Amino acid sequence: MAGSVKALVSKKNLEFTPDSHLAFLDDIHIKDENEFDVIVSNGSDKFASFQVELSTPGLDDNHQIKWYKVEPEICAKKPPGSETKFHIKITKAPIPAYDTTIDINLKVLSVEYESLYTSQKLKLTIKKPLRPLRVELPLKEFKATPEELIEIPVIVYNLSSKLSEITLTCLNLNSEWLQIDPEWMNQRTNRTLTIEPGDAQKIRFLCQAPKNTLSKAYLFAIDAKSDTSQYTAREQGSIKILPEGIVKFSCDEKEKQIPTKGRKKAQVATYELVFSNLSNLPQQVNITVPEAEQKKCEFQKIPENINLSLGETQNIQLVVQKKRSLIGLTQKLLFEVSANLTYANSQEYNTEIYPEPNTQVLALKVLPIIPFLLQILSGTLLLLALLLYWLLPRTYHTGNVNSVRLFGNGSLVFSGSSDETIRRWQVDDSPWQLDFLRLQHKLPLIAEKNQTKKAVRVIRQSPKDNDRLAVGLENGEVKLWDISTNTEIKNLATDKANRVFDIVFTQNGRYIFSGHGSGLVNMWDLEKIKSSQKPTPQASVNNKFTIYSLAINETIPAYPLLFIAGQFNKIAVWDWNNKNSYELKYNWLDREEKQEKPVFGQQHYITSLATSRNILASSDNAGYLTLWDADQIRKCLIVNLPTLPSNQKNNNSTQPKNQNQKPQNPAKKIVPKLCNNAIIAQRRDGHEQQPIRSVALTQDGRYLATGGDDGKIMLWSLSPNQEPDTWLETGQVVAQSNTKINSVDVKAFKNYLLVTSGDDNYNVKLYRVNEIKENERNN
């Protein structure tokens with residue numbers, strides 16, 4: 001039925017010039033002699049769709065070369081008598097030969113019916129290319145910060161008729177066409193490729209500007225030379241190194257006094273302002289003091305236009321003068337000194353690099369000439385009493401509250417803070433009491449500044465000894481504290497370069513684990529270190545990420561697991577009984593697309609872990625709250641896991657008789673992989689997609705408390721009567737504040753729960769929440 005299909009060809013003699021789309025560079029105008037149209041008429045009595053194919057003698061039917069383009073590739077089904085227009089463009093020489101004419105066979109065939117087809121003969125003249133070699137940069141302008149990896153893609157075309165060996169060289173235009181600085185290149189600056197005639201290859205050059213590289217545009221070029229031609233191709237691009245860094249603004253002594261010590265008649269005070277250029281641009285710093293501040297005292301010449309080269313530090317003196325009054329009180333003047341960065345040429349404000357901080361608040365104490373005690377002798381005792389009152393230590397935290405715990409029967413709350421103290425709070429859980437009155441601060445402090453000497457990162461109470469507290473400090477120390485005597489019992493670790501992020505006890509209270517910023521996790525046997533002068537950990541595991549949180553799951557006592565989480569959204573699992581360590585793959589699950597999205601960026605980290613029963617809860621700084629099945633993880637990571645009696649499974653109160661005894665069937669280490677069905681539920685919008693800093697589970701695992709950067713404290717019901725994947729669908733907002741929540745803890749009692757929190761506004765708070773009844777859960 002070949003006669004039932006007709007093809008009308010617009011052009012039967014075709015011409016093709018390789019690389020003709022660049023002809024305008026040489027002012028040559030080439031018509032579209034490599035394009036033509038084919039009108040196909042369906043003369044049959046069938047609905048049919050058609051396609052067009054080209055072939056040439058000497059070219060294998062199974063070849064992979066795409067040397068032409070057809071639009072459309074296949075037409076839609078057309079009724080009898082209809083016409084379809086195809087547009088065909090020759091994009092590549094089908095054979096590596098130039099200045100020659102070859103035959104082309106055009107064939108029109110039906111997709112559905114083999115008997116419907118037709119064919120015609122065409123002529124194709126392949127002309128000599130405009131140039132034998134061509135190099136192309138798909139992207140010519142790049143932007144990056146110092147030490148950021150830059151990938152430069154390059155496409156090389158061999159337009160000659162010979163197999164050619166082509167050498168590519170990356171040149172630095174800023175250095176008179178010399179090879180680009182090797183310090184910038186992650187690979188060689190020269191690359192050699194072997195390319196078939198008429199073919200092309202794509203490669204990439206990787207470069208990386210060194211740290212503190214000056215911010216500006218750096219020109220480069222890619223040169224291509226062939227061993228079969230004297231012609232050299234070149235393509236030019238640029239790399240703009242973006243500004244980054246800060247100008248550090250500091251003042252070591254922010255408070256001065258007139259008169260200065262040893263110079264009673266001096267009327268001036270001198271402040272040393274230090275500016276360090278930690279950016280990759282030269283900077284010009286201008287110091288400003290608001291006019292209202294200048295009225296408080298007299299400023300001698302305020303420095304202007306301080307020029308800082310890269311890496312330079314300058315000390316600038318700010319001299320303040322203030323007359324002393326004959327009588328009166330000591331004056332304490334506060335004034336702001338601001339640093340502004342400007343461009344040296346235009347004097348416009350620099351919007352790319354900023355001083356940090358932008359403002360320093362300086363204080364000036366001006367004493368009267370006649371001491372106040374001599375002025376009013378009768379008011380001395382009163383003044384002394386007031387002075388002593390104000391100088392007494394505060395009874396509340398003066399720094400961020402990093403860790404809070406509800407201890408014992410819930411009658412006390414303990415808090416650790418960046419102000420280097422540990423404090424005790426009496427709980428009033430009466431149903432009629434207002435929440436902001438539920439905590440009463442109790443003295444004396446459990447630990448004062450002169451005892452800890454560093455910020456308190458975490459506190460944990462022993463499950464067996466209510467008077468024993470484990471404390472993790474900013475300087476890497478792990479201390480045991482007796483809260484009945486408010487004294488230190490033992491200092492376990494003193495690695496001052498490895499701060500402590502979290503501490504957990506085993507259920508029998510004998511062992512504690514400490515997680516450190518370097519990725520080290522230490523296991524301490526409290527029985528063995530009682531009499532030791534220099535305690536050493538019984539075991540350790542070193543992870544390749546900063547640790548933020550730890551959690552122990554002992555639902556199967558013979559196979560306890562320590563979960564370790566932190567930077568790069570890593571979760572490691574340590575089976576310390578069997579000396580095995582695993583890495584658990586963590587994913588974000590898109591609720592709409594139902595696709596898991598792996599995240600391992602340096603800026604991503606898991607902030608908190610909590611476990612109870614077979615539930616493991618985790619939170620991260622992207623706002624994701626995730627519930628895991630700890631038993632499923634245990635089955636996934638530990639092969640040959642024996643079937644245990646029901647009294648040894650999912651029972652948090654059951655303890656192994658000998659914690660050091662290894663199970664009869666020791667676990668085997670397997671290759672880490674994604675544990676299927678390990679994630680029970682996941683949600684991100686509970687805290688407005690902001691970081692969740694802390695999670696805590698009740699003793700029975702029926703409630704989950706969370707706190708985050710949005711200032712919310714939320715409570716989630718994990719009722720066994722609900723489907724686990726619905727646990728995170730609805731949460732109850734316990735409290736809302738305007739500051740970041742750093743730590744939460746929760747305890748369940750009959751018919752109600754207590755939730756405590758610590759935040760960045762130095763507050764420790766407690767809330768009473770009525771237990772959610774089953775009929776309310778379903779509603």
Taking the stretch 500-543 and keeping residues polar (S, T, N, Q) and open to solvent by less than 20 Å² (accessible area, probe 1.4 Å) leaves 506, 514, 522, 543
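From the list 395, 380, which residue is modelled with pLDDT under 90 and surrounded by 13 or more Cβ atoms within 10 Å (Cβ to Cβ)?
On the way: 395 fails: surrounded by 13 or more Cβ atoms within 10 Å (Cβ to Cβ).
Residue meeting the stated conditions: 380.
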Report task. State whether the residues of the stretch 727-743 include one that is closer than 17 Å to residue 626 by Cβ, of a type in the set (Ser, Thr, Tyr) and either touching a helix residue (DSSP H, G or I) at 6+ places or on another chain (Cβ under 7 Å) or surrounded by fewer than 17 Cβ atoms within 10 Å (Cβ to Cβ) (or both). Result -> yes
In the stretch 130-162, residues that are open to solvent by 30 Å² or more (accessible area, probe 1.4 Å), touching a residue at least 40 places away in the same chain (Cβ under 8 Å) and in a loop (DSSP other than H, G, I, E, B) total 9
Qualifying residue in the stretch 723-744 (condition: under 20 Å from residue 548 (Cα atoms), touching a Phe, Trp or Tyr at 6+ places or on another chain (Cβ under 9 Å) and outside any loop (DSSP other than H, G, I, E, B)):
no
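To keep it simple, each residue is scored yes or no on (1) touching a helix residue (DSSP H, G or I) at 6+ places or on another chain (Cβ under 9 Å); (2) open to solvent by 20 Å² or more (accessible area, probe 1.4 Å); (3) farther than 15 Å from residue 404 by Cα.
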{"residue": "421", "(1), (2), (3)": "yes, no, no"}
{"residue": "434", "(1), (2), (3)": "no, yes, yes"}
{"residue": "439", "(1), (2), (3)": "no, yes, no"}
{"residue": "445", "(1), (2), (3)": "yes, yes, no"}
{"residue": "456", "(1), (2), (3)": "no, no, no"}
{"residue": "459", "(1), (2), (3)": "no, no, no"}
{"residue": "462", "(1), (2), (3)": "no, no, no"}
{"residue": "466", "(1), (2), (3)": "no, yes, yes"}
{"residue": "469", "(1), (2), (3)": "no, no, no"}
When every residue in the stretch 559-592 that is outside any loop (DSSP other than H, G, I, E, B) and of a type in the set (S, T, N, Q) is compared, the one farthest from the chain's Cα centre (by Cα) is 580
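Tell me, which strands (runs of 3 or more DSSP E) lie completely within the stretch 472-558 with 1 or more residues that are more than 27 Å from residue 444 (Cβ to Cβ) and among the small types (Gly, Ala, Ser)?
Details: elements: 477-482, 487-494, 500-505, 511-516, 520-525, 539-542, 547-553.
Fully inside the stretch 472-558 and qualifying: 511-516, 539-542, 547-553.
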Checked pairs for the stretch 531-542, first without any contact (Cβ under 8 Å) to a residue 60 or more places away in the chain and closer than 17 Å to residue 491 by Cβ, second assigned to a loop (DSSP other than H, G, I, E, B) and open to solvent by less than 100 Å² (accessible area, probe 1.4 Å), C-beta under 8 Å and 6 or more apart or across chains, list as 535/529; 536/529
If you go through 71, 83, the only one that is in contact (Cβ under 8 Å) with a residue 12 or more places away in the chain, open to solvent by 40 Å² or more (accessible area, probe 1.4 Å), touching a strand residue (DSSP E or B) at 6+ places or on another chain (Cβ under 6 Å) and closer than 22 Å to residue 4 by Cβ is 83
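How many residues are under 25 Å from the mean Cα position of the chain (by Cα) and at pLDDT below 90 if we restrict to the stretch 606-632? Walk me through it before giving the result.
Our first condition is that a residue be under 25 Å from the mean Cα position of the chain (by Cα); within the stretch 606-632, this holds for 606-611, 616-628.
Among the residues that remain, those that are also at pLDDT below 90 are: none.
Count: 0.
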Residue 249 fails exactly one of (1) closer than 14 Å to residue 339 by Cα; (2) outside any strand (DSSP E or B); (3) among the hydrophobic types (A, V, I, L, M, F, W, C), namely (2)
Of the residues that make up the stretch 197-210, is at least one open to solvent by 60 Å² or more (accessible area, probe 1.4 Å) and touching a Lys or Arg at 6+ places or on another chain (Cβ under 7 Å)? no
Taking the stretch 116-128 and keeping only residues that are polar (S, T, N, Q) and either in contact with a Ser or Thr (Cβ under 8 Å, 6 or more places away or on another chain) or crowded, with 19+ Cβ neighbours inside 10 Å (or both), one is left with 118, 125
In the stretch 749-762, anything open to solvent by 60 Å² or more (accessible area, probe 1.4 Å) and not basic (Lys, Arg) is listed as 751, 761, 762
inquiry  = Tell me whether the stretch 763-771 contains one or more residues that are under 16 Å from residue 617 (Cβ atoms) and either within 26 Å of the chain's Cα centre (by Cα) or crowded, with 22+ Cβ neighbours inside 10 Å (or both).
reply    = no
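How many residues are under 21 Å from residue 460 (Cβ atoms) and more than 29 Å from the chain's Cα centre (by Cα) if we restrict to the stretch 706-748? Show your work before the answer.
Quick first cut of the stretch 706-748, residues under 21 Å from residue 460 (Cβ atoms) only: 706-707, 713, 741-748.
Adding the requirement that they be more than 29 Å from the chain's Cα centre (by Cα) leaves 747-748.
Count: 2.
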Turns out the strands (runs of 3 or more DSSP E) fully within the stretch 278-358 with at least 2 residues that are surrounded by 12 or more Cβ atoms within 10 Å (Cβ to Cβ) and touching a residue at least 60 places away in the same chain (Cβ under 8 Å) are 283-288, 331-342, 354-356
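Report whether or not residue 450 is without any contact (Cβ under 8 Å) to a residue 24 or more places away in the chain and either of a type in the set (S, T, N, Q) or open to solvent by 20 Å² or more (accessible area, probe 1.4 Å) (or both).
Details: without any contact (Cβ under 8 Å) to a residue 24 or more places away in the chain: yes; either of a type in the set (S, T, N, Q) or open to solvent by 20 Å² or more (accessible area, probe 1.4 Å) (or both): yes.
Yes, satisfied.
Kindly indicate whether residue 256 is among the charged types (D, E, K, R), in a strand (DSSP E or B), over 28 Å from residue 141 (Cβ atoms) and touching a residue at least 60 places away in the same chain (Cβ under 8 Å). Don't jump to the end; show me each part of the working.
Numbers: among the charged types (D, E, K, R): yes; in a strand (DSSP E or B): yes; over 28 Å from residue 141 (Cβ atoms): yes; touching a residue at least 60 places away in the same chain (Cβ under 8 Å): yes.
Taking the combined requirement at face value, the residue satisfies it.
The values are calculated or read from the model by the stated rules, or taken from the named source; none is laboratory data. Quick caveat, the model's predicted, so the values are computed rather than measured. Every residue, glycine among them, receives a Cβ derived from its backbone with ideal geometry; neighbour counts consider all protein chains shown. Keep in mind that these areas ignore ligands, DNA and RNA; they rest on the heavy atoms of the full protein, side chains included. Shrake-Rupley method; radii C 1.70, N 1.55, O 1.52, S 1.80 Å.
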